[in-house]
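First comes the structure, then the notes that go with it.
The values are calculated or read from the model by the stated rules, or taken from the named source; none is laboratory data. Small disclaimer: the values here were computed from a predicted structure and weren't measured. Quick reminder, even Gly has a Cβ in these numbers, built from the backbone with ideal geometry, and neighbours come from all protein chains shown. When the accessible area is computed, the model is the full protein with side chains, heavy atoms only, and any ligands, DNA or RNA have been set aside. Shrake-Rupley method; radii C 1.70, N 1.55, O 1.52, S 1.80 Å.
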Amino acid sequence: MTATDTTAGSASTTSDAAVVVRGLTKTFGVTRALDDFDLTVPRGQVTGFLGPNGAGKSTTIRVLLGLLRATSGTAEVLGRDPWSHAVEIHRHLAYVPGDTNLWPQLTGGEALDVLTRGERGAAHERRRDELIERFELDPTKRARTYSKGNRQKVSLIAALSRDVDLYIMDEPTSGLDPLMEAIFTDEVSRLRADGRTVLLSSHILAEVEKLCDTVTIIRAGKDVESGTLAQLRHLTRSTVAATTDADPTRLAAMDGVHDLEVDGGRLRFDIDDAAVHEILPMLTQMDVTGLTITPPSLEDLFLRHYGDDLTAAPSQEES
């Protein structure tokens, strides 16, 4: 089965999602870059797409852009099949690649003109000028003189200046310094506040954690977890640090408590989120004088699925 056009029948059933991918498989010879992969990008939200290099993120995005045809499964972008309706879909989406290549003889401003050639009007020009100033880009320099970060700025300015329904960003902050990353974060937050839809592919956990409403984690071409950050964090454990002179024996025997460490009057342990409400009364009985409960970060969840695989050699899929 190949990815087919779902325009007529399923647009009404998936009207609350800008992107719907079901059972997507893509093979390159004997290499299976995507393996029965599912992804949903709700409208009006920022969806994080997490995975290390080689997990299948870029292959998925190329299918969504109509640059690759799926081996099997279905993909729907803004109600249409991207392979059959790529030109029409591209009128309503903006794309930021992780590694921007520009025409070396053109200036940055001329490259922006080419990348946004379908845009017209004073509002677009004002928005583009605002972004050029915010990202501190010199549009008069030729692209061949640009650093990787400046080339990335051109791509970001071109995408963010467009008034479209969907923004697809594949490692968009690659090459940016921390100040420019902060500006990017502010701009994506602005898109979300305006009700726009963003698919943000990244392996930078802090970036996704700051910006995204929902997250899909991909591993070896398969989706291993999807949901809101709150839902995904529920699957991991919080860390408790406490100070008490009481005997911690009863604490160690409780269900949901893991890896208890005792150093004098200091206790440290992990706890299943579902057991937090049960542990608090016991800590009160132990006359705890200091207590810190740290919820799990997205990195904790990420490492839970990959572990040592993060150091393995990447597959043929770039990112």
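What to note about this one:
- Looking across the range 248-273 at every residue that is more than 16 Å from Thr294 (Cβ to Cβ) and in contact (Cβ under 8 Å) with a residue 24 or more places away in the chain, the one that is surrounded by the fewest Cβ atoms within 10 Å (Cβ to Cβ) is identified as Arg250.
- Among the residues of this structure, Gly149 counts as one that is more than 22 Å from Arg62 (Cα to Cα), out of contact with any strand residue (DSSP E or B) (no Cβ under 8 Å at 6 or more places or on another chain) and among the small types (Gly, Ala, Ser).
- Flag not set for Leu137, criterion: under 24 Å from Val46 (Cα atoms), of a type in the set (A, V, I, L, M, F, W, C) and modelled with pLDDT of 95 or more.
- In the range 63-84, the count of residues that are surrounded by fewer than 17 Cβ atoms within 10 Å (Cβ to Cβ), among the charged types (D, E, K, R) and outside any strand (DSSP E or B) is one or more.
- Residue in the range 207-226 that is open to solvent by 50 Å² or more (accessible area, probe 1.4 Å), assigned to a loop (DSSP other than H, G, I, E, B), touching a Leu at 6+ places or on another chain (Cβ under 8 Å) and closer than 17 Å to Gly56 by Cβ present: no
- Where a residue in the range 275-295 is small (Gly, Ala, Ser) and its partner, wherever it lies, is open to solvent by less than 70 Å² (accessible area, probe 1.4 Å), with Cβ under 9 Å and at least six apart: Ala275/Met254; Ala275/Gly256; Ala275/Val257; Gly290/Ala241; Gly290/Ala242; Gly290/Thr243; Gly290/Thr244
- Contact map, the range 133-153: residues that are open to solvent by less than 60 Å² (accessible area, probe 1.4 Å) paired with residues that are assigned to a loop (DSSP other than H, G, I, E, B) and among the acidic types (Asp, Glu), Cβ distance under 6 Å, separation 6+ or inter-chain. No pairs are found.
- The test for being free of Cβ contacts under 8 Å to residues at least 24 places away in the same chain, over 30 Å from Arg219 (Cα atoms), touching a strand residue (DSSP E or B) at 6+ places or on another chain (Cβ under 9 Å) and open to solvent by 60 Å² or more (accessible area, probe 1.4 Å) holds for Glu88.
Per-residue answers, yes or no, for (1) out of contact with any Ser or Thr (no Cβ under 7 Å at 6 or more places or on another chain); (2) open to solvent by 30 Å² or more (accessible area, probe 1.4 Å); (3) closer than 11 Å to Ala75 by Cβ; (4) assigned to a strand (DSSP E or B):
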site	(1), (2), (3), (4)
Ala18	no, no, no, yes
Arg22	no, yes, yes, yes
Asp36	no, yes, no, yes
Gly54	no, no, no, no
Ile61	no, no, yes, no
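- Condition check for Glu171: touching a Gly at 6+ places or on another chain (Cβ under 7 Å), open to solvent by less than 40 Å² (accessible area, probe 1.4 Å) and among the charged types (D, E, K, R): yes
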